[in-house]
Amino acid sequence: MASSWTGVQPMAELRVARSELILGGQKSGKTARAEALAAAWLDAGSGHRAVYIATAQAWDEEMRERIARHRRDRAQRVPAMETVEEPTELARAIGAHSRADTLVVVDCLTLWLTARMLPAAGAAQPTFSDDPDTAIARAVAAAAGPLVLVSNEIGLGVIPLGPENRSFVDALGRLNQQAARACERVTLMAAGLPLLLKGRP
C-alpha cells in the first residue's frame, strides 16, 4: 500500500476529479479531504505520485511549530506524498510538478493570496507577473494531471474592520469564484463533512 490514510470517509468512496476546489472554514476538514484524495490516487496505481505544495510561511514561532506539526502529520497519514514549499510562485510550481501520473495538492490559496496582499512585517513585497485570478485559472487549465486546490471560505462572518481586511476578504471571494469556475468539482467542507457544490461525487 502506498499510503496509510485513516480518515473517517473510506477511500473507496472517493473519486479523484480532473480538478477540485475544496472550500471551508478553519478546521473544517479541508486538508483531510485533500490528503484522502491524494491517498486514494496513490493507492489506485503503482506508478502514481502525489505532491503537496505548501504555501505557508513561517514568520513567527507559532507558525513554525504549526508548519512542523503539519509536516509530521502528513508524513504519517500519506507517507508517499512529497512536500514542496512555494509561498509565491504558485502557478509555476503547479506547472513544474504536474504530470499525468501525479496528483498535485495546493494548500492553500488563502495563504498564497495573503503573501501577495498582506506580506508580513519586515518582509519584502513579492512581485508577480499576473493577477491571482488569472494565475489560478491558467494553472488549472494547464495541469497535466489531477489538481486539488484548498481555500478558506471567510465571507460568512461579520464584515471585517479596516479597509485592508475588507479588501482581502473581497479578493479571496473573487479568487475562490474564479477557481470554482475553472475546477471540475467543488466541495464545501463543514465539521469534517463534504457538501458537493459542483460536479459529480
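Here are a few things to note about the model shown:
- R0 of 22 Å, Cβ-Cβ distance Lys27-Arg200: FRET efficiency to nearest 0.05: 0.25
- Simple spin-label estimate for Thr134 and Arg72 in nanometres, 7 Å along Cα-Cβ: 4.3 nm
- If you wrap the tightest convex hull around every Cα atom of the chain and split its volume per residue, you get 117 Å³.
- Gain upon complete extension [Ser46, Arg64; 0.36 nm per residue less C-alpha separation]: 3.1 nm
- Helical runs assigned H by DSSP (4 residues or longer) give the chain a calculated mean residue ellipticity at 222 nm of -12500 deg cm²/dmol, each run adding -39500 (n - 2.57) before division by the residue total.
- DSSP bridge pairs, the chain: antiparallel proportion in percent, nearest 5: 20 percent
All of the numbers you see were taken from the coordinates with simple rules; none came from a lab. In this text, all values refer to a predicted model and were calculated from it rather than measured experimentally. Neighbour counts run over all protein chains shown; Cβ positions are idealised from the backbone, glycine included.
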